[in-house]
Amino acid sequence: MGSDYFGPLGTTNAAGYYRLVVPEGMYTVEFRKYGFATSRVEGVKVGSTARIDVVQKPVANPTWSLEPPKVTITGVAEGDTVIGPISVRVDAHGPNDIQLIYAAFGKMAGAALLTAPRHVVSDTYTTGTFSIAPATYGVSGDTTFEVVVYDINDNRTHVIYRVFVTPGVDGPVSPPLAPIANILVDPLRGVLIGPETALAVTLGKQIAFFGLDPAAAPPGANLYVELRWRRSPHDLAPVTGDGYRIYRRLAPEADFRLLYTVNATGALAYIYRDSTPDLMVGLTAFYRITYFRGTAESAPLEASATPLPTWDVKLVSPADEVTGVAHLPTFTWAPTALVGTTQFYQVRVWDTPHGGFSLTITALLNATSVTYTGIPGTGFERLQPHRMYQWDVRAALGIDLDANAVSVATNFGYTPVFPTQVPWEIFSFTTGDW
């Protein structure tokens, strides 16, 4: 990290933290770590209260260059006033080929699940000239225009320009409404997770398409908070200069800060996922969601969530590759920890000779075993003799409605509400005689 007259270096302490005291001004910050790609941030303004999240990914190939891409942006610059759509071009080059170029107003753009909408191109050194409108991002007043570029070695350059977007015309405002749709309903067990405004989601396994966003705690997993709300009564149709502002305060903090802005489109319902890296297991996050039009802003809709830890499921019996298993077997598993106030499970048996046909065993709450009782009147009244099968725990969810949180150990085709979480273990077994 340095400037024309100052070039300090920072080394982390045992807890991974460090602090640099530098004169006010504009800086470029570069992060290098053994085994990781280089992460470079241009446009860090020391002396402001703005927060910047830095992403540093493991290097894709240690023999390739660790130089981050050089980025050139035309059509917008630091300090610009933006009235409407602008024409922008982003060019990037470096020792490695360019993998991805992202651009957005008001945020650090990345993977679609967490940062849509954004402009994105892949496998090319330039975006060409494209039009981008601040109204698409719901930004107004002081905000940012940000570009993120990755090369094929996952070296990264993040460029930040502070701009001013002329507010739209003031109009009537009213708070957004709490959701009414249930988040997760099981056909047999009913409502598992009701209409929560905030829901903390912990995933037990790293998901690749989250990799372009900050990797929230705990390490080796993904953690985010989903916010859901219904539109403000005054959000009836697309209006230039209106949107929703999301503010957040973590439990130790005294004040709320602006976290994100969502464009108002007149949609019946909205969703936003907060994946910032300071989310932590057991640390309550408080949110306020407001509706604004021009410079007018409503009272907030408030919510909170406390993330749960990760956990997993170990298969016990039938053991892997065991033979002589009963035709109505009992399946037993063991959670690595009891997470949440309710543990939901669903077990699946694969009939491997039939090309992957599977039998799903009834949904279970707070149980660690289930006996296959067959499907009367079908060819699956019991398992067939001398036949190989496989079994796994298709779904394993730890739910705590008081904390507004769920920890997903496994979600192998059970629900599209959460990303896929493939089980660590799938056991094979062979049945015995009649």
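The values are calculated or read from the model by the stated rules, or taken from the named source; none is laboratory data. Everything quoted here is computed from the prediction, not taken from an experiment. For neighbour counting, all protein chains shown are included, and Cβ atoms are generated from backbone atoms with ideal geometry for every residue, glycine included.
A single entry from SER358, SER317 fulfils the requirement of being without any contact (Cβ under 8 Å) to a residue 24 or more places away in the chain, under 25 Å from LEU203 (Cβ atoms) and either among the hydroxyl-bearing types (Ser, Thr, Tyr) or loosely packed, with under 15 Cβ neighbours inside 10 Å (or both): SER358.
For the range 249-258, the criterion of being modelled with pLDDT under 95 and over 21 Å from GLY282 (Cα atoms) is met by at least one residue. So, in the range 246-260, of the ones that are part of a strand (DSSP E or B) and without any contact (Cβ under 8 Å) to a residue 60 or more places away in the chain, which residue ends up nearest to SER48 (Cα to Cα)? The extreme case among them is LEU258.
Looking at GLN343, is it under 34 Å from the mean Cα position of the chain (by Cα) and closer than 30 Å to ASN182 by Cβ? Considered against the rule, which asks whether it is under 34 Å from the mean Cα position of the chain (by Cα) and closer than 30 Å to ASN182 by Cβ, GLN343 comes out as yes. Taking the numbered list (1) modelled with pLDDT under 95; (2) surrounded by 12 or more Cβ atoms within 10 Å (Cβ to Cβ); (3) not charged (D, E, K, R) in turn, ILE73 passes all entries but (1). Filtered by the rule that a residue be closer than 19 Å to TYR125 by Cβ and part of a strand (DSSP E or B), the range 79-98 gives SER87, VAL88, ARG89, VAL90, ASP91, ALA92, HIS93, ILE98. How about the range 99-151: which of its residues are in a loop (DSSP other than H, G, I, E, B), surrounded by 17 or more Cβ atoms within 10 Å (Cβ to Cβ) and at pLDDT 95 or above? Once the filter is applied, which keeps residues that are in a loop (DSSP other than H, G, I, E, B), surrounded by 17 or more Cβ atoms within 10 Å (Cβ to Cβ) and at pLDDT 95 or above, the range 99-151 yields nothing. Can you find, within the range 273-297, the residue that is farthest from the chain's Cα centre (by Cα) among those that are closer than 24 Å to PRO117 by Cα and polar (S, T, N, Q)? Across the range 273-297, the extreme among qualifying residues is THR295. Here the condition is being under 30 Å from ILE246 (Cα atoms), hydroxyl-bearing (Ser, Thr, Tyr) and free of Cβ contacts under 8 Å to residues at least 24 places away in the same chain; of SER122, SER87, SER39, it holds for SER122 alone. The set of residues in the range 47-77 being part of a loop (DSSP other than H, G, I, E, B), farther than 21 Å from TYR150 by Cβ and within 29 Å of the chain's Cα centre (by Cα) consists of THR49, ALA50, ARG51.
Counting the residues of the range 401-434 that are part of a strand (DSSP E or B) and over 12 Å from PHE344 (Cβ atoms) gives 7. Just to be sure before I move on: is PRO8 in contact with a Leu (Cβ under 6 Å, 6 or more places away or on another chain), assigned to a loop (DSSP other than H, G, I, E, B) and at pLDDT below 90 in the structure I sent? Considered against the rule, which asks whether it is in contact with a Leu (Cβ under 6 Å, 6 or more places away or on another chain), assigned to a loop (DSSP other than H, G, I, E, B) and at pLDDT below 90, PRO8 comes out as yes. Has the range 195-207 got at least one residue that is touching a Gly at 6+ places or on another chain (Cβ under 7 Å), crowded, with 20+ Cβ neighbours inside 10 Å and modelled with pLDDT of 90 or more? No, the range 195-207 has no match at all. Close Cβ contacts (under 8 Å, 6 or more residues apart or on different chains) running from residues in the range 369-398 that are modelled with pLDDT under 90 to residues that are basic (Lys, Arg) comprise GLY374/ARG382.
Conditions (1) outside any strand (DSSP E or B); (2) among the aliphatic types (A, V, I, L, M), marked per residue:
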residue	(1), (2)
ARG273	no, no
THR276	yes, no
ARG288	no, no
ALA299	yes, yes
TRP311	yes, no
ASP320	yes, no
TRP333	no, no
GLY340	yes, no
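Restricting PRO423, PRO419 to those that are of a type outside the set (D, E, K, R) and within 17 Å of the chain's Cα centre (by Cα) reduces the list to PRO419. If VAL406 passes every condition in (1) buried (at least 23 other Cβ atoms within 10 Å of the Cβ); (2) touching a Pro at 6+ places or on another chain (Cβ under 8 Å) but one, which one does it miss? Unmet for VAL406, out of (1) buried (at least 23 other Cβ atoms within 10 Å of the Cβ); (2) touching a Pro at 6+ places or on another chain (Cβ under 8 Å): (2).
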